[in-house]
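The next block holds one structure in the form of structure tokens; read it before the comments.
The values are calculated or read from the model by the stated rules, or taken from the named source; none is laboratory data. Source: prediction; values computed, not measured. Positions of Cβ are generated from backbone atoms using ideal geometry, with glycine treated the same way; all protein chains shown enter the neighbour counts. Each accessible area value is taken on the protein alone, full model and side chains, heavy atoms only, with ligands, DNA and RNA left out. Shrake-Rupley method; radii C 1.70, N 1.55, O 1.52, S 1.80 Å.
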Amino acid sequence: KMTQQMRDLQLAQARKPPGPSSPNAAKRLYRNLSGKFRVNYTSFDEGSLVGRGEKEKLRKSYLFQSNAALFEAVELQDLERVQELLKHYSPEELDLNTPNSEGLLPLDIAIMTNNAPIARALLQAGAKESPHFVSLESRSLHLSTLVREAEQRVNELTAQVVNEAPNADCSEKEKQLKAWEWRFRLYKRMKAGFEHARVPDAPSSVHLSVASSSSLQVTFWEPLSVNSAVVTKYKVEWSCSPTFSPLLGEAVIDKLKDLHFTIQGLVSGTAYHVRVSAYNMKGWGPPQASTPPFAIPSNWREYDGRAPRRRGQAEALDHLLGQVKTVHQHCICHEPCKNQPQSRKHSVSKSLKHLFHPGSKFLKTLKRGLYLTAIFYKDDNILVTHEDQIPVVEIDDTYSCLLMQDFLWFTKVSCMWDEILWLRQCVTVSQSSCSCILQTRFKMLLAISQMQGLLGIQDLGQVFFEPIKDKQGNILIVTLKEVKTNQTFESVRWVPICKLQTSRKSVSSPEEPTALDTLLISVQDKLAYHQRSSHALSPGLYLGYLKLCSAVDQIRVLVPERLPNILCHVKIRSNPNISREEWEWLQKMASVEEPVPTEPEADTSQNPLFQELQVAIKELMSLVNIPLQEAKDFRLYSQEVLDFGDQVSFLLLLPPSDDVCTAPGQNNPYTPRSGFLTLPLQIFELGEER
């Protein structure tokens, strides 16, 4: 049947008009064996095609060539070419798991020729073995058939070439003979690879950890043996019995990009044993038991039955805000703001299309007072007004000393950009008290409304953690927002930041720059801060270092510049969960006031968390420039684990109680190396919430 199929394919191909030969024709001779690989490599000009139908045909032809190129690269053992194709095309575009006319997949060829690097690259991309090989016998029979038919075809062509006189047909048969000889050698190599292969060894290591109160995480590593065939899948089994009888469940993992698996739906407080075995084309190898041999699903909160700190808080705050709004709407002294622009949703394109005209109220220069500026950026470009100015509006021209409490209030308002009209009405109602603080905050709300109206955008972004001040008495509050759309707008220009910086004519001296000049000089630093403050940590358990310093009007917290919305930290492990047993151990340490673990001890050396903490503490002390011997006086915060969602959690490392917060004028003997800054505590809390 196989021979007849190949002959039919060859006959069908012979009826086709010959196309231009490929530049790599010597490598592609064996493509003549199958219609699957009969690709015309004629050069083409896509621009000359008319209509979508022709372009779609061209695209399919191009992808078909990519599929053929992948088979060719695997058969020629060209790892670099395989990696290039996998990088530029998706598995669907490459038909990665569609068998060819011989019933083979690229992964089959790679593993049966024992080419481990190519096989691993294909597995990482999601390649699978051919579904035709349901047993060892079927694979062996299939390979034997391919070898036998290839040998038969070689003999037939050899006889024809020897007996026929030299002519054009003879030359074509010689090419076919070379192709069949090459394929015959390939099939024999695949058959020998299969016959000499053996089942894989057990995975070299299997690590078991507690992922939650109802799940366990299994992480495993491939077998160390280099003599067996490439492993193509793994099997995870679990049971309550160390003999694995009865078996409670199993899972087969054939996506090998990450060698780990989470067992879900387990019973809290029950011990589970886990083992993992590997599979290759010869079958399943022996299982490897996990380390530790069993684990009990649990969470640190089960130690004393406490509920999550933030459970229901967001809903409660939303409900409370709704109640306040309802009461305010029925207040007899309620007066709508007359100066507020009509509340309507502006599309970004429409609003930006007509903003920044000469009649707008954006300022070009600053006088003595308090101002608001909004920076919108995209890549290395910044949005400017019709007059090539960063948008600035006035808050108060009589306000020359911004109180920290007013600034912190403004940052809290930034969490409610959509509620500015309502907030203005609330402050208007209370304005009869003539409070200077309320007057200033009302002017802040007016400035925000003015900026929103002129821009046609409600969300002005995130407030930079400190205002810009100059010696002329100007104070500039800065908001930052990244625009990710690729739209273009009339009357508005995206100006490269470097061009804006060089083209602006400064009206101040270098020794005493104005707040606007200072903003332009430092704008890249502020944009970098904004981008870094929105980055998230990868899942895991972290060790954080809490260090505060106080001033007259604020408390500041030490944070890394690369991630200013998180405390100084190092990663302990990828599993964010602290089990009940681990938490009990930490409570025991805290109850006897033991120092943090910096040196191994005999009775705890087998505790994985202890060992992980040792490594993390050494790394953290080095990061913040504190001698390791000083860490003996530090403490682990034992009241709770700080959970940030389900994927990130923190243990806190605290200095001695007298050194947690450095007082004004007090010297810190251990100054962190470069790469750190201090944020006002309230700003840090808002950034953490974002």
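The figures follow:
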{"item": "Carbon/sulfur fraction of accessible area - region 207-298, other protein chains in place, 1.4 Å, %", "result": "55 percent"}
{"item": "Spin-label model distance (nm) - residue 318 vs residue 185, 7 Å beyond Cα toward Cβ", "result": "6.9 nm"}
{"item": "Among 207-217, 72-82, 522-532, the order from most to least packed when residues are scored by Cβ within 10 Å on average", "result": "207-217, 72-82, 522-532"}
{"item": "Solvent-accessible surface (1.4 angstrom probe) belonging to residue 555, in square angstrom, nearest 10", "result": "70 Å²"}
{"item": "Carbon + sulfur, % of accessible area of region 630-690 - ligands and nucleic acids excluded, 1.4 Å", "result": "45 percent"}
{"item": "Ranked order, 326, 145 - accessible area, probe 1.4 Å, largest first", "result": "326, 145"}
{"item": "Accessible surface, region 132-285, averaged per residue in Å² (probe 1.4 Å)", "result": "50 Å²"}
{"item": "Heavy-atom accessible area ranking, 1.4 Å probe, most first, across 397, 254", "result": "397, 254"}
{"item": "Accessible surface of region 58-196, 1.4 Å probe, proportion on carbon and sulfur as whole %", "result": "51 percent"}
{"item": "Area accessible to solvent at residue 104, 1.4 Å probe radius, in Å²", "result": "0 Å²"}
{"item": "In region 197-271, trypsin sites (Lys or Arg not before Pro) in a DSSP loop with at most 10 other beta-carbon atoms within 10 Å", "result": "257"}
{"item": "Global geometry of region 369-522, whether rounded, prolate or oblate, following the gyration tensor of its Cα atoms and the 1.5 cut on a/c", "result": "oblate"}
{"item": "Residue-count net charge about residue 474 - beta-carbon cut-off 15 Å; Lys, Arg +1, Asp, Glu -1", "result": "-2"}
{"item": "Solvent-accessible ranking of 386, 142, largest area first, probe 1.4 Å", "result": "386, 142"}
{"item": "Separation between Cα centres of region 363-393 and region 127-150, rounded to whole Å", "result": "70 Å"}
{"item": "For region 175-242 versus region 88-105, the gap between their alpha-carbon centres in whole angstrom", "result": "20 Å"}
{"item": "Percent of Cα-Cα distances greater than 17 Å, calculated over region 135-215", "result": "63 percent"}
{"item": "Peptide ranges 303-314, 612-623 listed from the most packed, as the mean C-beta count within 10 angstrom indicates", "result": "612-623, 303-314"}
{"item": "Distance between region 283-333 and region 638-690 - C-alpha centres, whole angstrom", "result": "23 Å"}
{"item": "Region 369-522: Lys pairs at Cα distance under 29 angstrom, eight or more positions apart or on different chains", "result": "23"}
{"item": "Per residue accessible area of region 369-522, 1.4 Å probe, in Å²", "result": "44 Å²"}
{"item": "Amide H contacts under 5 Å for residue 522, placed H, 5+ residues apart", "result": "none"}
{"item": "Heavy atoms of residue 153: accessible area, 1.4 Å probe, square angstrom to 10", "result": "40 Å²"}
{"item": "Burial ranking of peptide ranges 179-186, 497-504 (average Cβ count within 10 Å, highest at the top)", "result": "179-186, 497-504"}
{"item": "Charge dipole (region 207-298, unit charges on Cβ, about Cα centre) - positive-most of 217, 263, 276", "result": "276"}
{"item": "Cα gyration tensor category, rounded, prolate or oblate, for region 58-196 with a/c compared to 1.5", "result": "oblate"}
